[in-house]
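Enquirer: Please find one structure pasted underneath; my questions will follow.
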Amino acid sequence: MKSSSYSINKTTYKTYSYATHEDTVDHFTGTTNEKGVFAYERTVEPETSYRVKYKFYDARGRYDIGTAYFYSLLGFNTPQLCCDIEA
């Protein structure tokens, strides 16, 4: 008669839960400088991620759209969301 042996290991994993919450925190317009650069800066909440949706128009009325994502990191006294976008 053959005998079998088994090894049972108990493994535990941490479970994380995330909730999505969206608020519009700003809506703005602006003009690029002579080099075609537009800079936007604002104070943000710590440990918070941001999605910036943008739409750029050129002098002929043509446009381009896009989305950028930012995360405010710990360790800063006044977290800043800063985005320099070149047209």
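Enquirer: Would you call residue 41 part of a loop (DSSP other than H, G, I, E, B), surrounded by 10 or more Cβ atoms within 10 Å (Cβ to Cβ) and either in contact (Cβ under 8 Å) with a residue 40 or more places away in the chain or among the acidic types (Asp, Glu) (or both)? If you could, list the steps in order and put the result at the bottom.
Expert: On the way: part of a loop (DSSP other than H, G, I, E, B): no; surrounded by 10 or more Cβ atoms within 10 Å (Cβ to Cβ): yes; either in contact (Cβ under 8 Å) with a residue 40 or more places away in the chain or among the acidic types (Asp, Glu) (or both): yes.
No, not satisfied.
Enquirer: In the stretch 44-55, which residue that is part of a strand (DSSP E or B) and hydroxyl-bearing (Ser, Thr, Tyr) is farthest from residue 69 (Cα to Cα)? Quick ask: steps written out before the conclusion?
Expert: Quick first cut of the stretch 44-55, residues part of a strand (DSSP E or B) only: 49-55.
If we keep only those that are hydroxyl-bearing (Ser, Thr, Tyr) as well, we get 49-50, 54.
Values: 49: 7, 50: 6, 54: 11 Å.
Out of the qualifying residues, it is 54.
Enquirer: Does the stretch 44-73 hold any residues that are among the aromatic types (Phe, Trp, Tyr) and closer than 30 Å to residue 18 by Cα, and which are they?
Expert: Filtering the stretch 44-73 down to residues among the aromatic types (Phe, Trp, Tyr) leaves 50, 54, 56-57, 63, 69-71.
If the condition is that a residue be among the aromatic types (Phe, Trp, Tyr) and closer than 30 Å to residue 18 by Cα, then 50, 54, 69, 70, 71 are the ones that fit.
Enquirer: Residue 15 passes all but one of (1) more than 14 Å from residue 71 (Cα to Cα); (2) touching a strand residue (DSSP E or B) at 6+ places or on another chain (Cβ under 8 Å); (3) of a type in the set (S, T, N, Q); which number fails?
Expert: Going through the list (1) more than 14 Å from residue 71 (Cα to Cα); (2) touching a strand residue (DSSP E or B) at 6+ places or on another chain (Cβ under 8 Å); (3) of a type in the set (S, T, N, Q), residue 15 breaks only (2).
Enquirer: Does at least one position in the stretch 20-29 carry a residue that is in contact with a strand residue (DSSP E or B) (Cβ under 7 Å, 6 or more places away or on another chain), in a loop (DSSP other than H, G, I, E, B) and of a type in the set (D, E, K, R)?
Expert: Among the residues of the stretch 20-29, at least one is in contact with a strand residue (DSSP E or B) (Cβ under 7 Å, 6 or more places away or on another chain), in a loop (DSSP other than H, G, I, E, B) and of a type in the set (D, E, K, R), which makes the answer yes.
Every number in this text was worked out from the coordinates using simple rules, so none of it is lab data. Nothing here was measured: the structure is a model prediction, and the numbers come from that model. Using ideal geometry, Cβ is built from the backbone for each residue, glycine included, and neighbour counts are taken over all protein chains shown.
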